[in-house]
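Visitor: Got a structure for you, written out below as structure tokens; questions coming shortly.
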Amino acid sequence: MAEIKACIFDMDGVLVSTEIYHFKAWKRLTETVLGFSIDEKFNENLKGVSRAVCVDLILQHAGLHKSPEEKAELAAQKNKWFLEYVQTEITPANVYPGVIDFLKSLKQKEIKTAIGSASKNAPLLVEKLGIKPYFNAIVDGNMITKAKPNPEVFLKGAELIGVPPENCVVFEDAKSGVEAAKNAGMHCIGVGSPEILTDADFCIRSFTEMTVERLRF
Ligand code: BG6
Ligand code: MG
């Protein structure tokens, strides 16, 4: 049995309910600028992947072609709307139930913690939510070049806290993120539905179910 010495958390949809605002902003972009709509099923593909890759997936989905400049404009518009939602709707109260208690219990047991997020907005959100003191390291979208399912974001997190991948467990709500954790040689607990996160070792619906004792693989 592998000893778990570190927990690495995805941010959007794992620590905080921001995934809904990413979806709202992409949907607004497709409906008002591109002339079609996306649903929650398609949105599963957008979870966990970088902003630029999301633009490519959306255009591919609609069979549209755009220049690099147009793609950059689409990404910037989406991010503007996302940040507007975040500014008005996100407070420390949006950290998911059970998260802070679980982070405190990890600290008590001297298990290290990191964030591994594809988001370039992660530093801003972590600050806004007041959760920075709970983490030994934060890796965000500005520090990586390869989107999940590439394992770069989690391997960098493990390196920063000095824990080998086999002693790390990743918490993820996205298919691409579960794949990234597995590609990193890490354990993975899915946050969400086991029907969607099929490759996770097991899934939880909420951190209120999570205890240090369940970190056994
Ligand atoms: C991930 C989200 O955490 O970050 C994705 O799951 C999002 O939906 C990605 O596209 C990139 O985020 P940002 O904030 O840099 O556009
Ligand atoms: Mg996520």
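The values are calculated or read from the model by the stated rules, or taken from the named source; none is laboratory data. On a predicted model such as this, the values are computed, not experimentally measured, just so you know. Because the Cβ atoms are built from the backbone with ideal geometry, glycine has one as well, and the counts that use them run over all protein chains shown. Side chains included, ligands, DNA and RNA excluded: accessible areas come from the protein's heavy atoms. Shrake-Rupley method; radii C 1.70, N 1.55, O 1.52, S 1.80 Å.
Visitor: Quickly run through segment 29-46 and pick out the residues that are more than 18 Å from Gly177 (Cα to Cα) and open to solvent by 50 Å² or more (accessible area, probe 1.4 Å).
Guide: Of segment 29-46, the ones more than 18 Å from Gly177 (Cα to Cα) are 29-39.
Glu31, Thr32, Val33, Gly35, Ser37, Asp39 - these are the residues of segment 29-46 that are more than 18 Å from Gly177 (Cα to Cα) and open to solvent by 50 Å² or more (accessible area, probe 1.4 Å).
Visitor: So, one more: Looking only at residues that are away from ligand 1 (no atom under 16 Å from the Cβ) and modelled with pLDDT under 95 in segment 1-19, which one is least open to solvent (accessible area, probe 1.4 Å)? Before you say what the answer is, go through the steps one by one.
Guide: Here is the first cut: in segment 1-19, the ones away from ligand 1 (no atom under 16 Å from the Cβ) are 1-7.
Keeping just the survivors that are modelled with pLDDT under 95 gives 1-3.
Details: Met1: 166, Ala2: 33, Glu3: 117 Å².
So the residue we want is Ala2.
Visitor: Separate question: Of the residues Asn136, Asn142, Asn150, which single one is out of contact with any Leu (no Cβ under 9 Å at 6 or more places or on another chain) and open to solvent by 70 Å² or more (accessible area, probe 1.4 Å)? Can you show your working first?
Guide: Working: Asn136 fails: out of contact with any Leu (no Cβ under 9 Å at 6 or more places or on another chain); Asn150 fails: open to solvent by 70 Å² or more (accessible area, probe 1.4 Å).
Every option except Asn142 fails the conditions.
Visitor: Which residues, counting only those in segment 8-58, are away from ligand 2 (no atom under 14 Å from the Cβ), outside any helix (DSSP H, G or I) and touching a residue at least 12 places away in the same chain (Cβ under 8 Å)?
Guide: Passing the criteria: Phe36, Ile38.
Visitor: Additional query: Please note which helices (runs of 4 or more DSSP H) are completely contained in segment 67-152 and include at least 3 residues that are over 20 Å from Ser17 (Cβ atoms), out of contact with any His (no Cβ under 8 Å at 6 or more places or on another chain) and more than 16 Å from ligand 2 (Cβ to nearest atom). Before the answer, list the steps.
Guide: On the way: elements: 68-89, 99-108, 122-129.
Because the criterion is at least 3 residues that are over 20 Å from Ser17 (Cβ atoms), out of contact with any His (no Cβ under 8 Å at 6 or more places or on another chain) and more than 16 Å from ligand 2 (Cβ to nearest atom), the helices (runs of 4 or more DSSP H) in segment 67-152 that meet it are 68-89, 99-108.
Visitor: I would also like to ask the following. Inside segment 162-183, can you point out the residues that are open to solvent by less than 10 Å² (accessible area, probe 1.4 Å) and away from ligand 2 (no atom under 13 Å from the Cβ)?
Guide: Of the residues in segment 162-183, the ones open to solvent by less than 10 Å² (accessible area, probe 1.4 Å) are 168-172, 174, 177-178, 180-181.
Scanning segment 162-183 gives Cys168, Val169.
Visitor: Within the group Leu103, Leu34, which residue is hydrophobic (A, V, I, L, M, F, W, C), closer than 27 Å to Val126 by Cβ and away from ligand 1 (no atom under 15 Å from the Cβ)? Talk me through it step by step, then tell me what you get.
Guide: Working: Leu34 fails: closer than 27 Å to Val126 by Cβ.
So the residue among Leu103, Leu34 that is hydrophobic (A, V, I, L, M, F, W, C), closer than 27 Å to Val126 by Cβ and away from ligand 1 (no atom under 15 Å from the Cβ) is Leu103.
Visitor: Could you count how many residues in segment 136-170 are farther than 17 Å from Ala181 by Cβ and either away from ligand 1 (no atom under 15 Å from the Cβ) or not assigned by TED's automatic domain parsing to the domain that holds Ala181 (or both)?
Guide: The qualifying residues number 2.
Visitor: Something else now. Considering segment 47-62 alone, what residues qualify as being closer than 15 Å to Leu74 by Cα, within 12 Å of ligand 1 (Cβ to nearest atom) and open to solvent by less than 20 Å² (accessible area, probe 1.4 Å)?
Guide: Cys54, Val55, Ile58 - these are the residues of segment 47-62 that are closer than 15 Å to Leu74 by Cα, within 12 Å of ligand 1 (Cβ to nearest atom) and open to solvent by less than 20 Å² (accessible area, probe 1.4 Å).
Visitor: Here's another thing I want to ask about it. Looking only at segment 193-217, count how many residues are in a strand (DSSP E or B) and open to solvent by 70 Å² or more (accessible area, probe 1.4 Å). Quick ask: steps written out before the conclusion?
Guide: Just the residues of segment 193-217 that are in a strand (DSSP E or B), to begin with: 202-204.
Now drop any that are not open to solvent by 70 Å² or more (accessible area, probe 1.4 Å), which leaves none.
Count: 0.
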